[in-house]
Amino acid sequence: MDDRGFSLDRMRTFVRVAERGSLSATARDLGIGQSTVTRHINELEEAVGVPLLGRTTRRVTLTEEGSRYYTNCLQILRLVEQAAEEARDARQVPAGAVRLSCTAALGVMHVTRIIFDFQDRHPDIRIDLNLTDERIDLAREGVDIALRLGPIVDGAMKLFSIGESHRKVVGSPDYFSRHGRPARPAEFAQHNCVVMSNVAGSNQLFLTASDGVRLMVPMSGSLLVDHGLAARTALAAGRGIGPTHLWLVQDLLDAGELEIALDAYDLDPVPLSLLVVPERAGVARVRLLADFLVDEIRKLPGITPHRTPGDQA
């Protein structure tokens, strides 16, 4: 193995090629010639001793070895960046970029405002907010922090439990005046529901009575949506009834545009968590934003803080 082929520049070039799938696009991104990109890749492959990329006339793809090497390169480059940032942070006001991923409806309804408040206090920190309901690979996408609703299965990330998000069955006064208000779970199945098409198990609703008895009722309706804000609009417009997070509709409940049904029954709360890429947890600006998000999101309607021993952001 030829150690002369290893360098951070060559790793950065390789990572960009892997992500862009093109030597020419990488050359444009990095402001270097395509021949330099090719030379960096060739020298890196020679040093590693195995092909990292498969080349066709249309696209460059990772080999199996290249895929593993790409993941390791990301970790190395982020550690190098983190070391430099921590050295700067020790003597300077926190500055630079933090990339945050958040479920879309929560981001639009609340997190954007929280970010405004944060940046008013830390004007030198730039936030790159990515709104998506997909479970993206944080390290691969270069994300520092993610806010997630639902169970967490990614054990590689540093996890902070923000709390539980409580839900209620709601509908508009107009809908209830036209179709009646369900008073018992058995009546729920007779109503038109606004159904979330991208949520697993959204064709059924689990309710718990005051005596602890757990009930399941089917959910169906003429409108399926894949975004929480679309569900909010449909519910307020009287297109049906359905379960929804209180942080999504509390303002409409307060204004009388929505009303709660089946209030004597509890719906299962949904875990709300903050994930931090472990290599980024020590960066001052990332830590500041994580702390701020946890504190502020716990103040939102329907969020019950849930702490575990040693849980601190």
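The values are calculated or read from the model by the stated rules, or taken from the named source; none is laboratory data. Keep in mind that what you see is a predicted model, and the values were worked out from it rather than measured. FYI the Cβ positions are ideal-geometry reconstructions off the backbone, even for glycines, and counts take in every protein chain you see. Accessible surface is based on the protein model in full, side chains and every heavy atom, while ligands, DNA and RNA are left aside. Shrake-Rupley method; radii C 1.70, N 1.55, O 1.52, S 1.80 Å.
Among the residues of region 209-229, is any basic (Lys, Arg), farther than 15 Å from residue 168 by Cα and free of Cβ contacts under 8 Å to residues at least 12 places away in the same chain? Break it down into steps so the answer makes sense when it comes.
Of region 209-229, the ones basic (Lys, Arg) are 214.
Right, trim to farther than 15 Å from residue 168 by Cα and you get 214.
This time we only want the ones that are free of Cβ contacts under 8 Å to residues at least 12 places away in the same chain, so: 214.
Yes, region 209-229 has at least one match.
State the number of residues belonging to region 173-200 that are open to solvent by less than 30 Å² (accessible area, probe 1.4 Å), part of a helix (DSSP H, G or I) and farther than 23 Å from residue 254 by Cβ.
Residues meeting the conditions: 2.
What's the number of the condition residue 198 fails, among (1) in contact (Cβ under 8 Å) with a residue 24 or more places away in the chain; (2) touching a helix residue (DSSP H, G or I) at 6+ places or on another chain (Cβ under 9 Å)?
All conditions pass for residue 198, except number (2).
Could you list, in sequence order, all residues of region 105-133 that are over 14 Å from the mean Cα position of the chain (by Cα) and in a loop (DSSP other than H, G, I, E, B)?
122, 123, 124
Does residue 139 count as of a type in the set (A, V, I, L, M) and open to solvent by less than 50 Å² (accessible area, probe 1.4 Å)? Full working, then the answer.
Working: of a type in the set (A, V, I, L, M): yes; open to solvent by less than 50 Å² (accessible area, probe 1.4 Å): yes.
So residue 139 fits the description; yes.
Among the helices (runs of 4 or more DSSP H) confined wholly to region 201-313, which include 2 or more residues that are open to solvent by less than 20 Å² (accessible area, probe 1.4 Å) and modelled with pLDDT under 95? Full working, then the answer.
On the way: elements: 228-236, 246-254, 284-297.
So the answer is 284-297.
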